[in-house]
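Undergrad: To start, I am sharing the structure in question, which I have written as structure tokens.
The values are calculated or read from the model by the stated rules, or taken from the named source; none is laboratory data. Computed from a prediction, not measured in an experiment: that's the story for all the values here. Backbone-built Cβ (ideal geometry, glycine too); neighbour counts: all protein chains shown.
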Amino acid sequence: MITHYKPRRPSESLWVEARGIRHHIRAWGPVGAPPLWLLHGWMDGSASFQFLVDELQIERRIYAPDWRGYGLTERALGVDAYWFPDYLADLEAMLDALVPDQSVDMAAHSMGGNIACLYAGVRPSRIRRLVNLEGYGLPGNRPDQAPERYAQWLDELSKPERERIWPSLETLVSRMCRNNPRLGADRATWLAQHWAQAVEMPEGEGWQLRGDPAHRRRNPVLYRVEEVLACWRQITAPVLLVEAGEPDDWHQYTREPAYRERLAAFPSLQTVTVAGSGHMLHHDQPEAVARLIESFLGQP
């Protein structure tokens with residue numbers, strides 16, 4: 001029998017209208033406490049940070065937005081692909097609405113880490129300290145790859161992405177546990193109810209993921225490493241890169257020498273590894289990650 005996870009620190013929902021989209025922000029902690037922003041990754045949502053928030057012992061006003069097209073945030077109408085510039089503009093709009101004229105601490109996972117590092121270089125005065133949870137840059141591209149990338153994108157547009165619907169919540173939970181054996185069934189069951197929503201189907205109730213399927217489409221814009229490094233070099237905040245002790249196969253490139261050389265672009269960088277964790281390290285070892293965040297944010 002599955003014991004359902006019970007959050008120790010309940011969240012509240014805030015809403016910000018920005019750039020034609022109604023953004024959902026999950027919030028914890030007392031209003032007026034120093035702000036800490038948590039940014040989720042690809043095909044994820046703000047609820048993903050609940051286990052980490054439950055382990056934090058510092059008093060902070062914590063904000064975790066659902067990116068556009070994820071969770072409870074609206075999708076952008078007529079969108080064929082999602083772009084990093086939109087995430088940067090959305091983030092700035094939410095910061096301006098909730099913590100105007102403040103420098104904030106930020107912890108960001110995966111895609112969220114990429115966004116946070118770009119933003120910290122573009123708006124260095126807005127970020128006091130940054131914790132990057134496995135938020136690596138993507139493999140580099142060459143300009144001569146552009147024709148093939150554009151062609152692939154056009155081909156995918158002719159075959160619209162379909163909404164993923166699971167026949168039952170139990171099926172979704174089972175898949176989540178297979179994808180990450182470190183995620184217990186109790187946490188997976190709680191998380192699945194935030195990652196997906198119940199929908200009526202001809203054969204009965206199903207569960208549909210709360211993510212625009214367009215997120216799965218190949219982005220036609222090449223990843224330009226030189227531009228990314230130029231942004232990283234402008235970061236003034238100290239950065240802590242938290243890496244998984246057991247990296248997943250699709251992130252093996254981040255352990256290659258050519259990638260590690262990129263990290264020299266950060267003016268101030270510390271790196272630490274969390275044992276017993278994969279890419280979803282805030283699910284696998286939330287207590288250990290919480291202690292690292294607290295220690296780093298408390299440094300002079």
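Undergrad: Go through the stretch 1-66 and tell me which strands (runs of 3 or more DSSP E), entirely inside it, have 2 or more residues that are assigned by TED's automatic domain parsing to the domain that holds ALA185 and crowded, with 20+ Cβ neighbours inside 10 Å.
TA: none
Undergrad: Six or more apart or on different chains, Cβ atoms under 7 Å: show the pairs whose first residue is in the stretch 1-28 and in contact (Cβ under 8 Å) with a residue 24 or more places away in the chain and whose second is loosely packed, with under 15 Cβ neighbours inside 10 Å and hydroxyl-bearing (Ser, Thr, Tyr).
TA: These pairs meet every condition: HIS24/SER13; ARG26/SER13.
Undergrad: Need pairs with beta-carbon distance below 6 Å; first residue in contact (Cβ under 8 Å) with a residue 24 or more places away in the chain and farther than 17 Å from ARG262 by Cβ and within the stretch 108-129, second in a strand (DSSP E or B) and not aliphatic (A, V, I, L, M); sequence gap 6+ or separate chains.
TA: ARG128/ASP105; ARG129/ASP105
Undergrad: Now for a different question. Search the stretch 53-98 for residues being small (Gly, Ala, Ser) and touching a helix residue (DSSP H, G or I) at 6+ places or on another chain (Cβ under 8 Å), and hand back the single one that is modelled with the lowest pLDDT.
TA: Here the residue is ALA81.
Undergrad: To continue, here is another question. Within the stretch 276-300, take every residue that is of a type in the set (Gly, Ala, Ser) and in a loop (DSSP other than H, G, I, E, B) and give me the one that is nearest to MET176 (Cα to Cα).
TA: Once the filter is applied, the top-ranked residue is GLY278.
Undergrad: Further question on the same structure: Taking interchain pairs and intrachain pairs at least six residues apart, which have beta carbon atoms under 8 angstrom, with the first residue in the stretch 221-239 and crowded, with 17+ Cβ neighbours inside 10 Å and the second modelled with pLDDT of 95 or more and among the aromatic types (Phe, Trp, Tyr)?
TA: Once the first residue is crowded, with 17+ Cβ neighbours inside 10 Å and sits in the stretch 221-239, its partners that are modelled with pLDDT of 95 or more and among the aromatic types (Phe, Trp, Tyr) give TRP232/PHE266; ILE235/PHE266; PRO238/PHE296; VAL239/PHE266.
Per-residue answers, yes or no, for (1) more than 18 Å from the chain's Cα centre (by Cα); (2) within 25 Å of LEU77 (Cβ to Cβ):
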residue: ALA146; (1), (2): yes, no
residue: TYR150; (1), (2): yes, yes
residue: TRP153; (1), (2): yes, yes
residue: PRO167; (1), (2): yes, no
residue: VAL173; (1), (2): yes, no
residue: LEU183; (1), (2): no, no
residue: ASP186; (1), (2): yes, no
residue: ALA198; (1), (2): yes, yes
residue: ARG210; (1), (2): no, yes
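Undergrad: Let me ask something additional. Determine which member of the set GLU256, GLU243, GLU227 is over 20 Å from the mean Cα position of the chain (by Cα) and closer than 30 Å to GLN102 by Cα.
TA: GLU227
Undergrad: Another question about this same structure. Give the stretch 247-271 a look and list any residue that's under 27 Å from PRO124 (Cβ atoms) and loosely packed, with under 13 Cβ neighbours inside 10 Å, or say none.
TA: Matches in the stretch 247-271: ALA258, ARG260, GLU261, ALA264, SER268.
Undergrad: In the stretch 178-207, how many are buried (at least 17 other Cβ atoms within 10 Å of the Cβ) and assigned to a helix (DSSP H, G or I)?
TA: Total meeting the criteria: 9.
Undergrad: To continue, here is another question. Is it the case, given these coordinates, that GLN152 is in a loop (DSSP other than H, G, I, E, B), assigned by TED's automatic domain parsing to the domain that holds ARG255 and farther than 15 Å from PRO238 by Cβ?
TA: For GLN152, the condition - in a loop (DSSP other than H, G, I, E, B), assigned by TED's automatic domain parsing to the domain that holds ARG255 and farther than 15 Å from PRO238 by Cβ - is not met.
For (1) farther than 19 Å from ASN114 by Cα; (2) touching a Lys or Arg at 6+ places or on another chain (Cβ under 8 Å), each residue gets a yes or a no:
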| position | (1), (2) |
| --- | --- |
| PRO247 | no, yes |
| GLU256 | no, no |
| ALA264 | no, no |
| LEU269 | no, no |
| ALA275 | yes, no |
| VAL289 | no, no |
